[in-house]
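Below: one structure, written as structure tokens.
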Amino acid sequence: MGSQQENWFYKTLISSKKRGAAWRIIGNQIVFSRINITSWFGTFENPYNEDQWDGYAKNRARTFQTLYDHGIGNNIMLAGDSHANWVSDLVWLEEHPYDSATGEGAVGVEFAGTAVTSSGFGGTIQSANNQSSSLVRDNSELQWNEGYYRGYYELQIGYDAVHASYYGMPTVATRNPLEISLANFTVVNGGNKLQRPVAGGKVESGFIKTGQVQMTNLTYNTQNQSWAVRNDFNQMFISYPRTT
């Protein structure tokens, strides 16, 4: 951020805390949390994606310092532009202790969504879930990752809690009204972390740090409001003929 925007942001966070706002819902374009992507397209020499906040570490550190120094909690960071789903406890790992099992030490949660049609991890569901497993393994604050399905997430915001519901479309190769519930998360007022067990201990796809992946293929038709177990989708994207 430029200095004017950055100072406005910090003053707004502090003002929000002083006036007693229950939540701070912070929208931005790119993933804020640190993400070690060595297993994906990073390297051991440069394990982070500089196109995200990892490329602006000083700015992120000043943001975290504002939150921690002023005791500002109940922060919900929203992000995208990574073609994958990410759910993390929001924590300044370099400066504050953090317990990945309990979430203690965090000051909020980040929800980042995938693309609607752009490519994700590619390959099959299994190969994408294997990639998610490596990313969750390599990042202590990352509690769930999923990179096969295209889709979106919804937030329900109340005074007592924020609920996030992630949905995936079984295919974007054809126009259809179908969606699959991928995972559901809760942040309790004052908790400053994902409620444990994270996602109730069960997700449809991807990889969760503590819990199980249970692929049901239970699909909801938003047009006729019916449910069915669908196993007839094996192509996520449109296939175009090669040209020379």
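The values are calculated or read from the model by the stated rules, or taken from the named source; none is laboratory data. Note that the structure is predicted; figures quoted are calculated from it, not measured. We place every Cβ from the backbone using ideal geometry, glycine too, and count neighbours over all the protein chains shown. For the accessible areas, the whole protein counts, side chains as well, though only heavy atoms, and no ligand, DNA or RNA atoms are used. Shrake-Rupley method; radii C 1.70, N 1.55, O 1.52, S 1.80 Å.
Loop-located trypsin sites (Lys or Arg not before Pro) across the stretch 200-244 with a Cβ neighbour count of 16 or fewer within 10 Å are Arg230, Arg242, with loop assigned by DSSP.
What residues from the stretch 134-150 fall in the zone where the backbone N is under 19 Å from a label point 7 Å along the Cα-to-C-beta line of Thr117? Correct set: 148-150.
Filter the GluC sites (Glu not before Pro) in the stretch 1-88 to those in DSSP coil with at most 10 other Cβ atoms within 10 Å of their Cβ, and list the result.
Details: sites: Glu6, Glu45, Glu50; in loops: Glu45, Glu50.
Hits after loop and neighbour filter: Glu45.
Our compactness index for the chain, the C-alpha radius of gyration over the empirical 2.2 N^0.38 Å, is 1.04.
Surface composition of the chain: carbon and sulfur make up 49 percent of the accessible area, probe 1.4 Å. Expressed to the nearest 5 percent, the antiparallel share of DSSP beta bridges inside the stretch 42-177 is 75 percent. Per-residue extension of 0.36 nm, minus the Cα-Cα distance of His96 and Tyr152, leaves a gain of 17.0 nm for this segment.
How much of the DSSP beta bridge set in the chain is antiparallel, as a percent to the nearest 5?
The antiparallel proportion sits near 75 percent.
Between the stretch 137-201 and the stretch 82-97, how far is it from one alpha carbon centroid to the other, in angstrom? Each part reduced to its Cα centre gives a spacing of 15 Å.
Of the listed pairs Lys58/Lys193; Lys11/Lys202; Lys17/Lys58, which have alpha-carbon separations greater than 27 Å here? If you can, show how the numbers build up before the last one.
Numbers: Lys58/Lys193 23 Å; Lys11/Lys202 39 Å; Lys17/Lys58 23 Å.
Checking Cα-Cα distances, Lys11/Lys202 exceed 27 Å.
Nearest-5 percent of antiparallel DSSP beta bridges in the stretch 118-244? Before the final figure, lay out the partial values.
Working: 25 of 27 bridges.
Counting only bridges with both partners in the stretch 118-244, antiparallel ones make up about 95 percent.
Residues whose amide H lies under 5 Å from that of Lys202, counting only those 5 or more places away or on a different chain, are Gln212; hydrogens are built 1.01 Å from N in the peptide plane. Candidate cross-link partners of Lys18 among the aspartates and glutamates, defined by an alpha-carbon separation under 15 Å and a same-chain spacing of 8 or more, comprise Asp69. Would you mind computing the Rg to Rh ratio of the stretch 167-207 from its alpha-carbon coordinates, Kirkwood style for Rh? Using Cα coordinates only, the ratio equals 1.15. Of interest is the spacing of the C-alpha centroids, which for the stretch 1-54 and the stretch 215-244 amounts to 34 Å.
Here the contact order of the chain, divided by its residue count and restricted to Cα pairs under 8 Å and six or more residues apart, works out to 15 percent.
The listed peptides 11-18, 189-196, ordered by packing as a protection proxy, come out as 189-196, 11-18 (highest mean of other Cβ atoms within 10 Å first). Convert 4 °C to kelvin, take the viscosity as 1.567 mPa s, use the Kirkwood radius over C-alpha pairs of the stretch 147-244 as Rh, and evaluate the Stokes-Einstein diffusion coefficient in µm²/s, rounded to a whole number. Calculated translational D: 85 µm²/s. Per residue, the chain exposes 51 Å² of accessible surface when a 1.4 Å probe is rolled over the protein heavy atoms with every protein chain present.
Report the FRET efficiency, 1/(1 + (r/R0)^6), for Thr222 and Trp8, where r is their Cβ-Cβ distance and R0 is 35 Å, rounded to 0.05.
0.35
Only helices enter the 222 nm calculation for the chain: every DSSP H run of n ≥ 4 contributes -39,500 (n - 2.57), and dividing by all residues gives -5500 deg cm²/dmol, rounded to 500.
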